[in-house]
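I have placed the structure first, in the form of structure tokens, so that the comments after it can refer back to it.
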Amino acid sequence: MHIGVVGLEKLEHMAVKFAKTFGTKVTVISTSANKKQEAIERLGADSFLFSRDPEQMKAAMNTLDGIIDTVSAVHPILPLLMLMKSHGRKLVAGSCIGGMKETQEMLDFAAITPDIEVVPMDYVNSSLERLLKLDVKYRFMLDIGNTLNKK
């Protein structure tokens, strides 16, 4: 099985980790060429596809069994569908089941963790400024516990 993961942000980095846990071949598809090293060396993707390079996109046509696309920004879907093997199908899905307990069981089973940056409450304002500048890797987590324990 060979899947493509569109983007490399919040959910997408977890999709790469989860797919690799199940032995799936993963190609990260991104509009940012500078994410290649991170995708392959840090997250373990098998390959990287720079979606703004027409030659790379053409060479990758009909190679994927599936695509995971959770990118919230408006982006063209047709070039991504062209990456799918023939006789594939499109499935748009979501899930309304699974709370914190089920999510934790899934993560425990796969033995993966999200990549986060823990930020003390004292830096919440600078964190918001960084968030507006898109200067965050995946997620910020506020360390409220240690802040409350100081007082």
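So here's what we get for this one:
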item	result
Search result, residues across the stretch 41-80 that are of a type in the set (A, V, I, L, M, F, W, C) and without any contact (Cβ under 8 Å) to a residue 12 or more places away in the chain	Ala59, Ala73, Val74, Ile77, Leu78
Residue among Val92, Val74 that is assigned by TED's automatic domain parsing to the domain that holds Gly23 and at pLDDT below 95	Val74
Residue satisfying all of: in the stretch 1-44; among the charged types (D, E, K, R), assigned to a helix (DSSP H, G or I) and within 15 Å of Ile68 (Cα to Cα); modelled with the lowest pLDDT among these	Lys10
Any hit, the stretch 95-111, residues being closer than 25 Å to Asn34 by Cβ and either charged (D, E, K, R) or under 20 Å from the mean Cα position of the chain (by Cα) (or both)	no
Hey, Lys151 over 20 Å from the mean Cα position of the chain (by Cα), of a type outside the set (A, V, I, L, M, F, W, C) and at pLDDT 85 or above or not	no
Check on Val136, under 18 Å from the mean Cα position of the chain (by Cα) and outside any strand (DSSP E or B)	yes
Yes/no for Leu64 being in the same structural domain as Met14 (by TED's automatic domain parsing), closer than 23 Å to Thr31 by Cβ and surrounded by 10 or more Cβ atoms within 10 Å (Cβ to Cβ)	yes
Failed item in (1) farther than 21 Å from Leu8 by Cβ; (2) part of a loop (DSSP other than H, G, I, E, B), with Asp108 passing the rest	(2)
Residue match in the stretch 94-112 (condition: surrounded by 10 or more Cβ atoms within 10 Å (Cβ to Cβ) and touching a Pro at 6+ places or on another chain (Cβ under 9 Å))	yes
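The values are calculated or read from the model by the stated rules, or taken from the named source; none is laboratory data. All figures in this text were calculated on a predicted structure; none of them were measured in a lab. Cβ: placed from backbone, ideal geometry, glycine included. Neighbour counts: every protein chain shown.
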